[in-house]
Amino acid sequence: MRGGNFEARRSSSVGRRSAGRNGWARTTHGAAAAIALASLTAGCTSATEKPVPSNKPEPGTLRILASSELADMKSVLEQIQQDTGIKVRPTYMGTLDAVNLLGKDKAKGTYDAIWLSSNDYLRLNPTAAQQIVSETPVMSSPVAIGVKNATVRKLNWKPENVTWADIEKAVADGDLTYGMTDPSRSNSGFSTLVSVASGLSDAQSALTDKDVQQATPRLAEFFKGQKLTSGSSGWLAEAYDRRGDVDALLNYESVLKSRKDLTVIRPRDGVVTADYPLSSLTSTSQAVRDDVRRLTEALRAPAAQRLITDSTLRRPVVASVPPATGLDTTRRRELPFPGSRSVADGLLDAYENKLRRPSRTVYVLDTSGSMGEDGRLDRLKKALTDLTGDFRDREEVTLMPFGSAVKSVRTHVVRPENPRSGLDGIRRDTEALTADGDTAIYTSLEKAYEHLGADDDTFTSIVLMTDGENTAGASPAQFDGFYGGLPQAEREIPVFPILFGDSDRGELEHIAELTGGRLFDAQKGSLDGAFEEIRGYQ
Amino acid sequence: MRRIVAIVLAVFLIGGVAAAVVAGREEQDKSTATKTVLGVIGSEKAEFFADPDVVKALAAKGYTLKTETSGSWAMEGLDLKGYDFAFPSSQAPADELAAKYGVRQPLPRPFYSPLVVVAHRSAAGVLADNGLATLPAKGNGTFRMSAYLKAAGADRTWQQLKGAERHGELSGTLFISTTDPTSSNSGALYLAAASYVADGGRVADGTAAVNRTAPLMRKLISVQGAQQTSSDAAFRDFISGVGNPLVLVYESQVASLLAQGQDVGDLTVLYPDTTANSDHTVVPLTDEGRALGELLGTDKELRKLAVRHGFRPQGTSAEFTAATAAHTTYLNQKLTGVRQSPVPASKVLHEMARRARG
């Protein structure tokens, strides 16, 4: 299944370049499912393999394809099972991937219901939309900005009066920086992007292509304030804590409210709200749909609604239950969600290729002798070549293959006026990789840090792919010392190690932890999947 | 695109039919007294037919009912062989189906429900203060369609209405949220009523008429952005406090919620002075189907149950008036000051919806 997805991605990147690398097409890869899963695990390890559990039907059990953030509904669902006997077997997946799965008509027979943070995406995909029989919102949470209490005081903000324009001004004045998740991979990120674009475009109704174009200069200014990007809400919060110098986070209110150090502001001029509709499917039997209906009713019963709002800080959807303490009850305008795919795609495309700060990445690639075994080098070449369909305009990619030492340092930039030449360069250098020598992990990492240096205008990161233990050059302790001696700005560059072949989990986990990165597992999953997943963090 | 809808639905329906037929046969073996009747219904009636009291009332008359839901407009694309009846939520698709299957008129129309606009009190008050609505009572009033269409045509925003500045949520273009008119009945009926008013009280009868109102209809739909596919989801979002200040729903949805004794918060029901009715019309495909359709409209118990689900039974209004006596705050029982808009023929309405959706 993943192979198919990658094929689609590759072929689209050959055709309409920008559509292939951006927008919806890029969300078709299977790895985002794993991102969703990864965001649930507290540790820094993540599985990059899409789980393929046997999902056979079982009477009395509803197999639900659910947004990853719904993992926090466990206790509520347990309570409902006790009360109604309906058991839920969730499969967590990123919203975009779930929509894609429905769009390819692959939910049939595997899932009894769909439960996403929002069906807004889904409605833009006709095939996916036609598979929903009925949908009922279960709870809600608007996009909000959580700002450090001290920053709120410094800006002299009254939280209830803050508008998107106020936020824009604070960013432009250099008084506010923030982090948000990647809109191409995370529903909270995309909802945030729509909120910001609507809020700053002066559009009075649903965004059009023209609105997006007109707002581009303001949006570009706004996204200069974005200091953190992430493929998942979980890592975003970790990185935010680690950095300490970022002022705010953009995410769902429920995520932000769980932190005591943030003042949560719903901009006065409008928000996009996730309403978590539990949706039954045309492909299911009437008996199953009846169970879905019963589950929906149970979730909307006042007692369940109280439990939901108290335990998840989302808002209840029945008028008789008040929101949890601390959730402001004044109404907000709901910003209309784009009504066409072209607007949604256009917005994502603009964000990735024009608006956000570009990324600079060093790929530290183990091409030691052992990579010649088991077709490992070929897998690396294939994964990297596939990845070229996914690089954004303005992105700087450095390939740093190593064995006993760094073998070469080759930097390519995807220039908007001629992206092909940069991408062809990456493919050429990838093809030329050969396997020989020992494994000098730490010496090579030090070189990568030196190459990147301090850079405040880009998202900088290092990807480390190795299939073995460190056998040459600097020792782990020496690297720790090297890292500790770096200036603060350089210590903010995270390393994303990929566990592959015979590499040492403990060694790589240490690197991820030390540098504020995150470990990706290509031993259980695929190398393609790991590279893809890391894109959300670059 | 509608073709695709129909095909997808047809596939699942065929599965449903096979299962239902088998189930029906088994039951008939056990008890020859009940007739199993198979129907395809609009989703807004699913709760009615699932109501245990409705099941009991039908059983008392010797019927076991099996239903599958489908969008009213999608029924035209289905192969209804093996079904006893189809039950779309308005007359236009019912007439199309009747013509297709050679069903004799008149068709049983057991109950109906007018389209209404729901608003929170703040929004309703601002509309009233600006001549877009009249609000004689706290929970219900009249929505002035021609004034609204004029405002919509001029891209009027909430900010331009006096009094809106007191309510933070009232900003942006003034519009009514509806379902997607190309796939859902209520969205299509909205265009029927709006085009009727916009064209000076003329029912669109062809392309020329559709042309006359097309730019305005396009505007009414495009400002909404992504639309819900069912009025059920739209209403629930509204009750949840999520979404646009003005939402088009069936009166039956409001009445049903009130009948269940649910808290509706500061809901205000605005009856458009010209509105379209959802005429729930049975298209009998067999004699059993016709008998069942007649029964729904004549059986006292079933009429009473229809009222419980918010529908207005055809003929006398006494039952609806009596049953909703406690809810006159929200409901305009006699539909005073509400004019019924005729609905264009199915083909014309389709064309109108398609062009409005763009």
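What follows is calculated from the coordinates using simple rules that are stated; it is not laboratory data. The structure displayed is predicted, hence computed values, not measured ones. Methodologically, a virtual Cβ is constructed for each residue, glycine included, from the backbone with ideal geometry; neighbour enumeration extends over all protein chains shown.
Some observations on this one:
- Label sites at residue B:154 and residue B:301, each approximated as a point 7 angstrom past Cα along Cα to Cβ, lie 5.7 nm apart.
- Among B:184, A:340, the order by Cβ neighbours within 10 angstrom, fewest to most, reads A:340, B:184.
- Projecting the Cα positions of A:430, B:37, A:115 onto the charge dipole of the protein assembly as shown (unit charges on Cβ atoms of Lys, Arg, Asp and Glu, taken about the Cα centre) puts B:37 furthest along the positive direction.
- Neighbour-count ranking [beta-carbon atoms within 10 angstrom, fewest first] of B:264, A:147: B:264, A:147
- Of all DSSP beta bridges confined to chain A, the antiparallel ones make up roughly 40%.
- Dipole orientation for the protein assembly as shown: of the candidates B:91, B:164, A:298, B:91 has the Cα lying most toward the positive pole (charges on Cβ; Lys, Arg +1; Asp, Glu -1).
- Applied to segment A:490-507, the Karplus parametrisation 6.51 cos²θ - 1.76 cosθ + 1.60 on θ = phi - 60° returns per-residue 3J(HN,Hα) values of 7, 5, 7, 7, x, 9, 9, x, 10, 7, 8, x, 9, 5, 8, 4, x, 4 Hz, with x for Gly and Pro.
- Using alpha-carbon coordinates, inclination of helix A:2-14 to the longest axis of chain A, degrees: 80
- Estimated distance in nm for a label pair at residue A:301 and residue A:105, the labels positioned 7 Å out from Cα along Cα-to-Cβ: 3.9
- Positive end of the dipole of the protein assembly as shown (Cβ unit charges, origin at the Cα centre): among B:63, A:161, A:191, the Cα lying farthest that way belongs to B:63.
- Across segment B:68-164, the mean sequence separation of Cα contacts (distance under 8 Å, 6 or more residues apart), normalised by length, yields a relative contact order of 17 percent.
- Karplus (6.51, -1.76, 1.60) ³J(HN,Hα), θ = phi - 60°, over segment A:374-391, in Hz, Gly and Pro reported as x: 6, x, 4, 4, 5, 5, 4, 4, 5, 4, 5, 4, 4, 5, 5, x, 10, 6
- When the trypsin sites (Lys or Arg not before Pro) in segment B:65-161 are filtered for DSSP coil states and for at most 15 other beta-carbon atoms within 10 Å of their beta-carbon, the remaining sites are B:81, B:104, B:138.
- Virtual spin-label span in nm between residue A:436 and residue A:374, 7 Å along Cα→Cβ: 2.4
- Built amide H within the under 5 Å cut-off of residue A:88, gap 5+: A:62
- Each residue in A:157, A:164 was given a count of other beta-carbon atoms within 10 angstrom of its own, and listing them fewest first yields A:157, A:164.
- Out-of-range pairs (alpha-carbon distance over 20 Å; input A:56/A:108; B:45/B:334; B:56/B:304; A:148/A:169; B:61/B:300): B:45/B:334
- Cβ charges +1 (Lys, Arg) and -1 (Asp, Glu), total dipole of segment A:358-535, debye: 460
- Centroid-to-centroid separation of segment A:227-265 and segment A:57-130 [C-alpha atoms, Å]: 26
- Note on residue A:257: aspartates and glutamates with a C-alpha under 12 Å away, same-chain residues under 8 apart excluded, are A:310, A:328.
- Charge dipole magnitude, Cβ of K and R +1, D and E -1 - chain A, Cα centre, debye nearest 20: 1600
- Amide H contacts of residue B:65 (H built 1.01 Å from N, under 5 Å, at least 5 apart or other chain): B:37
- Proximal lysines relative to residue A:447, as straight alpha-carbon distance under 27 Å, when same-chain residues fewer than 8 apart are discounted: A:227, A:381, A:382, A:407
- For chain A, the mean residue ellipticity at 222 nm estimated from helices alone is -12000 deg cm²/dmol, where every DSSP H run of n ≥ 4 contributes -39500 (n - 2.57) and the total is divided by all residues, rounded to the nearest 500.
- Within chain B, percent of DSSP bridges classed antiparallel, to nearest 5: 50
- Loop chymotrypsin sites (Phe, Trp or Tyr not before Pro), segment B:139-177, which have at most 13 other Cβ atoms in a 10 Å radius of their Cβ (DSSP): none
- Length added when fully stretched, residue A:220-residue A:294, from 0.36 nm per residue minus Cα-Cα: 22.0 nm
- Inter-part distance where segment B:107-183 and segment A:300-336 are each reduced to a Cα centre, Å: 25
- Between the beta carbons of residue A:260 and residue A:488, assuming R0 = 30 Å, the FRET efficiency works out to 0.70 to the nearest 0.05.
- Here segment A:105-212 is treated with +1 on each Lys and Arg Cβ and -1 on each Asp and Glu Cβ, and its dipole about the Cα centre works out to around 280 debye.
- Nonlocal amide H pairs with residue A:471, under 5 Å, H built at 1.01 Å: A:439, A:440, A:441
- Residue-wise HN-Hα coupling along segment A:432-445, computed from phi with Karplus coefficients 6.51, -1.76, 1.60 (Hz; x: Gly, Pro): 7, 5, 10, 9, 6, x, 7, 10, 9, 4, 6, 4, 5, 4
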